[in-house]
Amino acid sequence: MFKAIYLQFGAAVITAIGAGVIVGVRGAVSVGLAALAAVLPNLLFAVRLSMMSNRPGVSYAANFFIGEFLKIGATIGLLAIAVKGYPEMHWPSLLIGFAIVLHAGFIAFWKKS
């Protein structure tokens, strides 16, 4: 579970460097904010699930769906804060960076060890 978050962080760094080279500081900051909005809720969700898996008598499925709902809400909220807080947002960098960071977690499922 945490391997996916490490891969997302690595993809965020690489994408931010690429956007910084192509667009400049605006692009790197935009990708960084998108990555923060994606990685932070995923990290909190993974920590929550790992804490709940060790407790007997707790419904793992219910906690999964509640955590997923909170993760989506936190992601949307962080994106809204980023857009309002950084008026010089470079939208293509934000959207491309967000998509790359979210899809980087799927690479963890391909690699078993």
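Values in this text are rule-based calculations from the coordinates and carry no lab data. Just so it is clear, the structure is predicted and the values come from calculations on it, not from any experiment. In this analysis, Cβ positions are derived from the backbone assuming ideal geometry, glycine residues included, and neighbour counts consider all displayed protein chains.
Considering only Gly27, Asn42, Tyr86, the residue lying farthest towards the positive end of the dipole of the chain is Asn42, judged by Cα position with unit charges set on Cβ.
In whole angstrom, how far apart do the alpha carbon centroids of region 61-75 and region 24-48 sit? Value for the Cα centre distance between the two parts: 17 Å. Label 7 Å along Cα→Cβ of Leu95; region 28-45 residues with amide nitrogen under 20 Å? It comes to 28-39, nothing else.
For the chain, the 222 nm mean residue ellipticity estimated from helices alone, with every DSSP H stretch of n ≥ 4 adding -39500 (n - 2.57) and the total spread over all residues, rounds to -28000 deg cm²/dmol. Give the label of the value calculated from the structure for Rg and Dmax of the Cα atoms in Å, choosing from [x] 15.7, 49; [y] 15.4, 52; [z] 14.1, 45. Computed from these coordinates, Rg and Dmax of the Cα atoms in Å corresponds to label [y]. To the nearest 10 degrees, how steep is helix 60-85 against the longest Cα principal axis of the chain, on a 0 to 90 scale? Once rounded, one gets 20 degrees.
Assuming R0 = 35 Å, what is the FRET efficiency of Ala108 and Glu88, from their Cβ-Cβ distance, to the nearest 0.05? Each step should come with its number before you reach the end.
Details: r = 33 Å, r/R0 = 0.95.
The pair Ala108/Glu88 has a calculated efficiency of 0.60.
Rounded to the nearest 10 degrees, the inclination of helix 91-104 to the longest alpha-carbon principal axis of the chain is 30 degrees. Seen against the Cα atoms of the chain and their longest principal axis, helix 25-52 is set at about 0 degrees. Basic side chains Lys and Arg get +1 at the Cβ, acidic Asp and Glu get -1 at the Cβ, and with that the dipole of the chain about its Cα centre reaches some 280 debye.
Among Thr15, Gly77, Pro56, flag the residue with its Cα farthest along the positive direction of the charge dipole of the chain, charges on Cβ as +1 for Lys/Arg and -1 for Asp/Glu. Farthest towards the positive pole: Pro56.
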